[in-house]
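Let me begin by presenting the structure, written as structure tokens, before commenting on it.
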Amino acid sequence: MESEAIMSQKKTTEIFHSPKNGFSLWKRIKENKALLLMFTPGFLLILVFAYGPMYGLILAFKDYNMGLGIMGSSWVGLKHFRDLFSNQGALIALKNTFIISFLKLLFGFPAPIFLAILLNEVRQGTFKKIVQTVSYFPHFISWVVVAGIMNSLLSPSTGSVNYVIKFFSGEPIFFMSDVKWFRPMLIISNIWKEIGWGSVIYLAALSSVPIELHEAAVIDGASRLQRVRYITLPSLKSIMVIMLLLQMGNIMSAGFDQIFNLYNPTVYSVSDIIDTYVYRIGIGQMMYSFNTAVGLFKSVVSFALILMVNYLTKRLSDGDTGIF
Amino acid sequence: MTHLHESRSDIVFVTFCYIFVTSLAIVTAFPFWEQMVLSISNRADANRIGLKLFTANPDFTAYRQIWSSSNIWRSAWNSVVRVVTGTALSVTLTALTAYPLSKKKFLFNKQFTLIILFTMIFSGGLIPGYLLITKQLHLTDTLFALILPGAVGAYNLIIVRNFLRTIPASLEESARIDGAGDFRIWWSIVLPLSTAVLATVSLWVAVGHWNAYFDSLLYTRDTSKYVLQIFLRRVLLEQQMDMLADGMIIDMSAKPTEISVRAALIVFSTLPIVIVYPFLQKYFVKGIMLGSVKG
């Protein structure tokens, strides 16, 4: 018995201190002791709060029972996913998500590029700085506050926008509760909030364009517009492609914070997106399992989109600037 | 650059640039300006139809009502506590976690990095996270529910890690020869060298905490634990003016309009951002550049 114990101990010693590997796992753990200690608390939080919910995704294939918990609830297979594609509310939310994302891409994507190009033509330093300072500001304000400002600004009775409309003898518009106006409102307010901040990355790209290019073009008699067309735009091309792809990877999230703080039941039909739907029905009406399935569907599509986008970005930039 | 021959079309184009850019600045600033004016307008001025560009007789009753409401101060205090503890926790843990990841020789570095990066592209979603925090960890109505889940973000980790990699190894090696351990090196060499990137991350996280409302909405039942943003939602978006009813009873004839009170709240909650804005601009722009470094 004793000899066996010694044998087995010798064996483990051999595995962990195998002279073949030069240094063993155990030795490496000991070497990395301090680093592992520093790493553990943060890593544990990631495991609990990012991977914990991923484990909870199995709820999408179960019927949640409060008393039994996630483990004890019974399996229902793909029932919730079948329901998803026959559920009117979920389908509308899916449709709205795509429409709003697409509109934001169509109008919101070019806006900061446009601003960056125009700002780049402004040579007056202080003035440029002031404009930048002002236009970045709304980015740092929460949608809760921006929604509060919009309610006041767009009010049909006392709001300034409707004052101007009425001044030009128009009928006041109920921007926040008119299904015709709500989506345009989303697009415009999003541009208002993010155009300045969005232009930062393009301005940075433009600041690295060698000034000699412009000087040479001036000597050759190129007009400003020609320089925009043949110098500025081409030098923005690669960053434009990356930003466009990044935004396309986000298509399944149409802007929860914005919509959640702006919408109301009269405009649900045009503004309810997957995220708001999952919150309202999932948490509000406690339909946990079904909405976990809706969330899982969203996460999987997003995941696929991001992988695709990353692949494309790598392809387009010869493999050295993938997002991951 | 020299502009010897500004042609006619050039002048038209430049004029267009200036006009557009100026209009944008005005359109961006006007709503904030108007709220400021409304917040100090008296009853008559606030209800006047028209653009509120200035007010002749400033009236601070709205601010006095806010000032005397203990509900507001309590929620503002909750927000401050959240910002301070949340930012301290987040930055400490991010700096600690990023350091081992910046070392090539760190055990299982590749695997750990992959596990962390994966959280950037896939998530369990709202409901499982909600059930985890409320039903399994029982964090409802605690500060932990608001500061733990996002404490260590993959994005911030990668930014700090990338920065740490640029610190010359020779600096650490000489300390190691002098007998300093990993902790010692992290504390006395790495941290002092990375104040700039940590300041960026701190501001990032702090603004995020100040503006956060959704987690508080999910995980706060007790109204005395509301953060300011939730309070704002109730008053600004759900029109629950009675939240302010605990303020002093003002002579009814001089009672400020709801428009002014809401405007004053908006100004009040935006003030902290205005104060840190100069730093934000400096560090955030830097941060964007850091973020564009490959992860």
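Here are a few things to note about the model shown:
- Spin-label model, B:ILE167 to B:TRP33: label points 7 Å out along the Cα-to-beta-carbon direction sit 4.7 nm apart.
- Exceeding the 28 Å Cα-Cα cut-off - candidates A:LYS104/A:LYS180; A:LYS30/B:LYS104; B:LYS52/B:LYS225: B:LYS52/B:LYS225
- Ranked by how many other Cβ atoms sit within 10 Å of their own Cβ, fewest first, the residues A:LYS314, A:LYS298, A:LYS129 fall in the order A:LYS129, A:LYS314, A:LYS298.
- Coarse-grained scattering of the range A:54-105 at q = 0.22 Å⁻¹, given as base-10 log I(q)/I(0) from a Debye sum over alpha-carbon atoms: -0.82
- Selection among A:TRP192, A:VAL161, B:VAL261 by position relative to the dipole of the protein assembly as shown gives A:TRP192 as farthest towards the positive end (Cβ unit charges, Cα centre).
- Farthest towards the positive end of the charge dipole of the range A:79-316, among the residues A:THR266, A:ILE99, A:MET248, is the Cα of A:MET248, using unit charges on the Cβ of Lys, Arg, Asp and Glu.
- Remark: the Cα gyration tensor places the range B:70-224 in the prolate category, a/c being 1.5 or greater and a/b exceeding b/c.
- Unit charges on C-beta of K, R, D, E only; dipole of the protein assembly as shown, Debye: 940 debye
- Here chain A is treated with +1 on each Lys and Arg Cβ and -1 on each Asp and Glu Cβ, and its dipole about the Cα centre works out to around 220 debye.
- Percentage relative contact order, the range A:79-316, counting C-alpha pairs under 8 Å, at least six apart: 32 percent
- Full-extension gain in nm, A:LYS237 to A:LEU47, via 0.36 nm per residue minus C-alpha separation: 64.5 nm
- For the protein assembly as shown, diffusion coefficient by Stokes-Einstein and Kirkwood Rh (Cα), 20 °C, 1.002 mPa s, µm²/s: 78 µm²/s
- Overall form of the range A:171-226 per C-alpha gyration tensor (a/c, 1.5; a/b vs b/c): prolate
- Angle in degrees between helix A:233-249 and the longest Cα principal axis of chain A, rounded to the nearest 10: 60 degrees
- With Cα atoms, 0 to 90° folded angle of helix A:33-46 axis to chain A main axis: 60 degrees
- Chain lengthening between A:LYS166 and A:ILE29 when straightened (0.36 nm per residue, less Cα-Cα): 41.9 nm
- Coarse-grained scattering of the range A:79-316 at q = 0.07, 0.11, 0.18 Å⁻¹, given as base-10 log I(q)/I(0) from a Debye sum over alpha-carbon atoms: -0.32, -0.73, -1.33
- Of the residues B:PRO31, B:THR140, B:VAL152, the one whose Cα sits farthest towards the positive end of the charge dipole of chain B is B:VAL152 (charges of +1 on Lys and Arg Cβ, -1 on Asp and Glu Cβ, taken about the Cα centre).
- Charged side chains reduced to their Cβ positions (Lys and Arg at +1, Asp and Glu at -1) give the range B:44-162 a dipole of some 520 debye around its Cα centre.
- Inter-part distance where the range B:12-36 and the range A:61-118 are each reduced to a Cα centre, Å: 36 Å
Every number here is computed from the coordinates shown, using simple stated rules; none is lab data. Everything quoted here is computed from the prediction, not taken from an experiment. In this analysis, Cβ positions are derived from the backbone assuming ideal geometry, glycine residues included, and neighbour counts consider all displayed protein chains.
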